[in-house]
Amino acid sequence: MKMWALDPLAHRPGGTLHLGWKELKAALAPLFKVRERVGYDIEIMLDGHGFFQWPAAMRIAEVMRDIRPLWMEDVLRTDNMDALKKFRDEAGVPIAVSEMLTVRDDYRQILEKGGADYIMIDPTWVGGISETRRITEMAIPYNIPVTMHDCTGPLTLLAGVQVGIANHNVVFQESVRAHLRVAYKQLIDTDIVVENGAIPAPLRPGIGAAWRPELFSENAPSYRATVWKS
Ligand SMILES: [Mg+2]
């Protein structure tokens, strides 16, 4: 279970610069409650969405050590690979980097610097399923497993699933219940179902789904045509 419990703090004025202990512990209380309720039957992750500056990030890491998370992700922005490496060295919890990287060479740099315990890829943001496969394979000699991002649409999710099926170095595929149960059903002609914590391999040809044809009808509420005139 991944949570992004700190977004409300980050959205306050100055919230990315300083986090008081009291408010930080209150914001992370849901993670502690999950850990207390189910023990170590599940893994817990925190996503910081790249909001925080160094002092706040170090406080987050200090509190998160007691959770024993699978990973923390994007507590810092991903602009500086040396800062990410330093954070991994000092955080005291595993670090995932990051769907915010969109260029293969950025992944090479973070792998070479030893700045990540997990590589997270958004198959659309890096440029497609082939580039996702290349980055996934690039991580193998560094002994760093790959996890796939979900939040940019059902075909991105299914691209991650396909690479995960085809490559032994993919350890997790992210999914978001609200997307699977509501949004994605309205976009593709197949239900993506999670069974016992796994998405079964699609059996049909191609990526495993197609856009719903009615999305491209002129009568669709969101239909919009753009015409290029040279
Ligand atoms: Mg994320």
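Where the second residue is outside any loop (DSSP other than H, G, I, E, B) and at pLDDT below 95 and the first is more than 16 Å from the ligand (Cβ to nearest atom) and lies in region 86-105, which pairs have Cβ atoms under 8 Å and are six or more apart or on separate chains?
Once the first residue is more than 16 Å from the ligand (Cβ to nearest atom) and sits in region 86-105, no partner that is outside any loop (DSSP other than H, G, I, E, B) and at pLDDT below 95 comes close enough.
What are the residues in region 60-87 that are outside any loop (DSSP other than H, G, I, E, B), among the basic types (Lys, Arg) and crowded, with 18+ Cβ neighbours inside 10 Å, if any?
Across region 60-87, the qualifying residue is only LYS85.
Consider ASN196 carefully, then state whether it is farther than 18 Å from GLY153 by Cα and surrounded by 10 or more Cβ atoms within 10 Å (Cβ to Cβ).
When the stated conditions are applied, ASN196 does not pass them.
Is there any pair with a first residue in region 137-164 that is farther than 23 Å from ASP117 by Cβ and a second that is of a type in the set (Gly, Ala, Ser) and crowded, with 19+ Cβ neighbours inside 10 Å whose Cβ atoms are under 6 Å apart and which are 6 or more apart or on different chains, and what are they?
As it stands, the answer is LEU158/GLY208; LEU158/ALA209, since those pairs meet every condition given.
Please go through (1) over 19 Å from the mean Cα position of the chain (by Cα); (2) farther than 23 Å from MET81 by Cβ; (3) assigned to a helix (DSSP H, G or I) for ALA209 and return the number of the only condition it doesn't satisfy.
(3)
Go through (1) without any contact (Cβ under 8 Å) to a residue 12 or more places away in the chain; (2) surrounded by 10 or more Cβ atoms within 10 Å (Cβ to Cβ) for ALA178 and report which single condition fails.
(2)
Among the residues of region 111-127, which ones are closer than 13 Å to GLU99 by Cα and away from the ligand (no atom under 15 Å from the Cβ)?
GLY127
Is it fair to say GLU43 is under 28 Å from GLN109 (Cβ atoms), of a type in the set (Asp, Glu) and within 17 Å of the chain's Cα centre (by Cα)?
Details: under 28 Å from GLN109 (Cβ atoms): yes; of a type in the set (Asp, Glu): yes; within 17 Å of the chain's Cα centre (by Cα): yes.
Against the criterion (under 28 Å from GLN109 (Cβ atoms), of a type in the set (Asp, Glu) and within 17 Å of the chain's Cα centre (by Cα)), GLU43 qualifies.
When you check LYS2 against the structure, is it touching a residue at least 12 places away in the same chain (Cβ under 8 Å), among the basic types (Lys, Arg), surrounded by 11 or more Cβ atoms within 10 Å (Cβ to Cβ) and within 16 Å of the ligand (Cβ to nearest atom), yes or no?
When the stated conditions are applied, LYS2 passes them.
Out of the residues in region 106-134 that are of a type in the set (Val, Ile, Thr) and within 27 Å of VAL193 (Cβ to Cβ), which is surrounded by the fewest Cβ atoms within 10 Å (Cβ to Cβ)?
ILE129
Taking ALA220 as the residue in question, decide whether it is assigned to a helix (DSSP H, G or I), free of Cβ contacts under 8 Å to residues at least 24 places away in the same chain and either of a type outside the set (D, E, K, R) or surrounded by 13 or more Cβ atoms within 10 Å (Cβ to Cβ) (or both).
Criteria not met by ALA220.
What tally of residues in region 32-65 results from selecting those that are under 25 Å from GLY197 (Cβ atoms) and in contact (Cβ under 8 Å) with a residue 24 or more places away in the chain?
Within region 32-65, residues that are under 25 Å from GLY197 (Cβ atoms) and in contact (Cβ under 8 Å) with a residue 24 or more places away in the chain number 13.
Just give me the residues in region 20-57 being surrounded by 17 or more Cβ atoms within 10 Å (Cβ to Cβ) and either part of a strand (DSSP E or B) or of a type in the set (A, V, I, L, M, F, W, C) (or both), in sequence order.
LEU24, ALA27, LEU28, LEU31, ILE44, MET45, LEU46, ASP47, PHE51, PHE52, ALA56, ALA57
Go through region 175-192 residue by residue and tally those that are touching a helix residue (DSSP H, G or I) at 6+ places or on another chain (Cβ under 8 Å), within 16 Å of the ligand (Cβ to nearest atom) and not in a helix (DSSP H, G or I).
Qualifying residue count for the region: 1.
Any residue at all in region 130-151 that's modelled with pLDDT under 95, part of a loop (DSSP other than H, G, I, E, B) and within 16 Å of the ligand (Cβ to nearest atom)? Don't jump to the end; show me each part of the working.
Kept after step one, since they are modelled with pLDDT under 95, are these residues of region 130-151: 151.
Checking the rest, the ones that are also part of a loop (DSSP other than H, G, I, E, B) come to 151.
The next check asks that each one be within 16 Å of the ligand (Cβ to nearest atom); those that pass are 151.
Among the residues of region 130-151, at least one is modelled with pLDDT under 95, part of a loop (DSSP other than H, G, I, E, B) and within 16 Å of the ligand (Cβ to nearest atom), which makes the answer yes.
Can you tell me how many residues in region 7-28 are in contact (Cβ under 8 Å) with a residue 24 or more places away in the chain and among the hydrophobic types (A, V, I, L, M, F, W, C)?
Number of matching residues: 6.
The values are calculated or read from the model by the stated rules, or taken from the named source; none is laboratory data. Owing to the predicted nature of the structure, the values given are computational and were not obtained by experimental measurement. Cβ: placed from backbone, ideal geometry, glycine included. Neighbour counts: every protein chain shown.
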